[in-house]
1. Go through the residues of the stretch 168-178 one by one and say whether even a single one is more than 26 Å from Asp67 (Cα to Cα) and in contact with an Asp or Glu (Cβ under 7 Å, 6 or more places away or on another chain).
2. Yes or no: the stretch 141-150 includes at least one residue that is of a type in the set (Asp, Glu), assigned to a helix (DSSP H, G or I), surrounded by 15 or more Cβ atoms within 10 Å (Cβ to Cβ) and in contact with a Phe, Trp or Tyr (Cβ under 7 Å, 6 or more places away or on another chain).
3. Kindly indicate the residue of the stretch 151-170 that is of a type in the set (S, T, N, Q) and outside any loop (DSSP other than H, G, I, E, B) and also farthest from the chain's Cα centre (by Cα) among those meeting that condition.
4. Which pairs turn up if I take residues in the stretch 68-86 that are free of Cβ contacts under 8 Å to residues at least 60 places away in the same chain and among the aromatic types (Phe, Trp, Tyr) and look for partners that are in a helix (DSSP H, G or I) and crowded, with 17+ Cβ neighbours inside 10 Å with beta carbon separation below 8 Å, at least 6 apart in sequence or on another chain?
5. Looking at the stretch 103-111, is at least one residue hydroxyl-bearing (Ser, Thr, Tyr), closer than 20 Å to Thr43 by Cβ and assigned to a strand (DSSP E or B)?
6. Output yes when any residue across the stretch 76-90 is in a helix (DSSP H, G or I) and closer than 30 Å to Pro138 by Cα, and no when none is.
7. Taking the stated definitions as given, is Asp130 without any contact (Cβ under 8 Å) to a residue 40 or more places away in the chain, part of a helix (DSSP H, G or I) and farther than 21 Å from Leu56 by Cα?
8. Does any residue of the stretch 46-59 turn out to be surrounded by 18 or more Cβ atoms within 10 Å (Cβ to Cβ), outside any helix (DSSP H, G or I) and either of a type in the set (Gly, Ala, Ser) or out of contact with any Leu (no Cβ under 6 Å at 6 or more places or on another chain) (or both)?
Amino acid sequence: MKYRLTTITAALLLAACSAPPEKVNNHPQPVKKETKTMPETKTTPQTQWEILTRILEMMASAQSDKDFSIERLEQTFGVKMKRSEKDDDDGSFFTNLSKNWDWYMDKYKDPIEGQDGVDFSFEPTAEYRDTHKVSEEPNITEICDMDYDEFVRKAETLGFTQTPNIVQDGMQRGGLFK
């Protein structure tokens with residue numbers, strides 16, 4: 001596969017989910033590589049599991065980086081992305097996921113490689129950041145349904161390989177999936 005999908009901050013926070021939650025996960029539909037059809041427009045995901053499952057569904061059906069278009073992201077996630085003023089194929093979306101967490105989606109064209117990319121991330125809400133120290137993050141278990149290792153295993157099953165994204169502090173902040 002010659003395209004990529006990045007999950008930068010999402011992966012860091014997923015890694016903090018050291019184990020799946022103890023609750024039973026009643027989501028019996030496995031991701032299938034042979035799925036090639038465009039999904040019907042869906043409602044906005046309400047859980048981290050729904051978001052990550054939809055990412056995996058897009059990865060399963062994608063034939064190229066062009067399959068991660070703004071239109072397809074909007075259709076898959078049931079959202080309206082804010083388009084970039086510079087490039088109509090770049091855009092972003094964010095919304096609240098829980099009391100302390102937001103989720104973000106950013107569609108862009110990599111200026112160096114010229115390929116399309118999508119960043120998905122889970123971030124503390126502005127309200128949380130305004131009332132806590134910079135070094136404090138809310139408890140990830142508030143939204144933790146699928147841990148990073150599980151997401152990587154599922155992406156690898158689809159034929160993707162993960163390259164860790166190491167940032168300035170030397171920590172892994174997610175991965176690049178190709």
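The values are calculated or read from the model by the stated rules, or taken from the named source; none is laboratory data. Quantities reported herein were computed from a predicted structural model and do not represent experimental measurements. Note that we place each Cβ from the backbone using ideal geometry, even for glycine, and neighbour counts take in every protein chain shown.
1. no
2. Checking the stretch 141-150: not a single residue is of a type in the set (Asp, Glu), assigned to a helix (DSSP H, G or I), surrounded by 15 or more Cβ atoms within 10 Å (Cβ to Cβ) and in contact with a Phe, Trp or Tyr (Cβ under 7 Å, 6 or more places away or on another chain).
3. Ranking the candidates gives Thr157 first.
4. Phe77/Ile51; Phe77/Arg54
5. Within the stretch 103-111 (the criterion being hydroxyl-bearing (Ser, Thr, Tyr), closer than 20 Å to Thr43 by Cβ and assigned to a strand (DSSP E or B)), the answer is yes, since at least one residue qualifies.
6. Scanning the stretch 76-90 turns up at least one residue that is in a helix (DSSP H, G or I) and closer than 30 Å to Pro138 by Cα.
7. Taking the combined requirement at face value, the residue satisfies it.
8. The answer is no, given that none of the residues of the stretch 46-59 is surrounded by 18 or more Cβ atoms within 10 Å (Cβ to Cβ), outside any helix (DSSP H, G or I) and either of a type in the set (Gly, Ala, Ser) or out of contact with any Leu (no Cβ under 6 Å at 6 or more places or on another chain) (or both).
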